[in-house]
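Asks: After the structure tokens below, expect a handful of questions from me.
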């Protein structure tokens, strides 16, 4: 994972913010794919890997410095439910990084982060936004361990532990981080408001507990993803107050109206780019987008950072 030093080496800060890609599933849906089912976009790792590669290419071309591989919802149990053998399931999980690395190498620059979603993503019941799990920290450690070992040994530069809803899950993944020499990891959380992660723990307290990983050179950043953009400034400040760099890649700002079956609100890419500048000024070193963001949002972030002299 030597390229991870492009983000930071030890306790220092990177020379410039890096742009993270946008929503993988959002882009796959833009290509007309139905992502229903427990595996969500991970299903295409086996069925249409060339399309996942195409999406990574779209984001690199739009200006992303970092591609997050498609491992978010991938799990051995999820693939087994479709009749895959354990070996084929593990191969599919590893392929998530291989596809992103291939596109990065073809593009000629950039970083690849292995995408590690929370236990709730594999449950496919929305619990990544509540932390209402049937496993404690020890159970989560063992549940993540096999997939973690596959993904951290697959050629990624970074590890993105995403949409974590609870301190218990962060602790489990921190234990795995300490067991992985050379790992460069960020932890990003789902949040209930502009102060607390989904289980109610203040993000500042979470960041402070994770801070010792920074001293070992393993922790790249702590922050948030898939939260409304309006929450990001205070959450980034909470991380900065704990002495850590922040990562922020929220959703577009739109909200899902389940009654009408439509997205509502503003997801304008230009405003998203302008907001990303403010996040960087508050302490974010990695900025991008999550659900309902696409290449146009990534392009806007890149251009806004350049216009602001931050690139």
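Just so you know, all these numbers are worked out from the coordinates, no wet-lab data involved. The structure presented is a predicted model; accordingly, all values stated were derived computationally and were not measured. Because the Cβ atoms are built from the backbone with ideal geometry, glycine has one as well, and the counts that use them run over all protein chains shown.
Asks: How much length would be gained if the chain were fully extended between residue 48 and residue 132, taking 0.36 nm per residue of separation minus their Cα-Cα distance, in nm to one decimal?
Replies: Full extension of this stretch gives 27.0 nm more.
Asks: For region 104-209, what's the relative contact order in percent, using C-alpha pairs closer than 8 Å and at least 6 residues apart?
Replies: 29 percent.
Asks: Please work out how much length the chain gains when fully extended from residue 86 to residue 195, using 0.36 nm per residue of separation minus the C-alpha to C-alpha distance, in nm with one decimal.
Replies: 35.2 nm
Asks: If we count other beta carbons within 10 Å of each Cβ, what is the order of 189, 272, 60, 107, fewest first?
Replies: 107, 60, 272, 189
Asks: So, in Å, what gap is there between the alpha-carbon centers of region 272-311 and region 115-171?
Replies: If we compute the Cα centre of each part, the gap is 26 Å.
Asks: Using the 10 angstrom Cβ neighbour count as an exposure proxy, how do 127, 85 rank, fewest first?
Replies: Going from sparsest to densest Cβ surroundings: 85, 127.
Asks: In the chain, what percentage of the DSSP-assigned beta bridges are antiparallel, given to the nearest 5?
Replies: 15 percent
Asks: Compute the label zone of residue 230 within region 268-305: residues whose backbone N is under 15 Å from the point 7 Å along Cα-to-Cβ.
Replies: Counting only backbone N, you get 268.
Asks: So for region 166-211, averaging the separation of alpha carbon pairs under 8 Å that are six or more residues apart and normalising by length, what relative contact order in percent results?
Replies: Relative contact order of region 166-211: 35 percent.
Asks: At 0.36 nm per residue, and after removing the present C-alpha to C-alpha distance, how many nm does the segment from residue 306 to residue 209 gain when stretched out fully?
Replies: Extending this stretch completely gives an extra 31.6 nm.
Asks: Using the 10 angstrom Cβ neighbour count as an exposure proxy, how do 297, 144 rank, fewest first? Walk me through the intermediate numbers first.
Replies: On the way: 297 29, 144 24.
If I rank by nearby Cβ atoms, fewest first, I get 144, 297.
Asks: Using only the alpha carbon atoms of region 144-195, find the Kirkwood hydrodynamic radius as the inverse mean reciprocal pair distance, in angstroms to one decimal.
Replies: Working: mean 1/r = 0.0853 Å⁻¹.
Roughly 11.7 Å, rounded to one decimal.
Asks: Based on DSSP H runs of at least 4 residues, each adding -39500 (n - 2.57), what is the mean residue ellipticity at 222 nm of the chain after dividing by all its residues, to the nearest 500 deg cm²/dmol?
Replies: Counting only the DSSP helices, I get -13000 deg cm²/dmol.
Asks: While we're here: Taking 8 Å as the Cα distance limit and 6 or more residues as the minimum spacing, I'd like the relative contact order of region 14-307 as a percentage.
Replies: Taking the mean separation of contacting Cα pairs over the length of region 14-307, I get 19 percent.
Asks: Next question. How big, in percent, is the set of alpha carbon pairs in region 14-307 lying more than 36 Å apart? Write out the running numbers ahead of the final one.
Replies: On the way: 2899 of 43071 pairs.
Tail fraction, whole percent: 7.
Asks: Could you check which residue among 179, 274, 254 shows the biggest mean-square fluctuation in a GNM of the chain with a 10 Å Cα cutoff?
Replies: Its mean-square fluctuation being the largest, the pick is 179.
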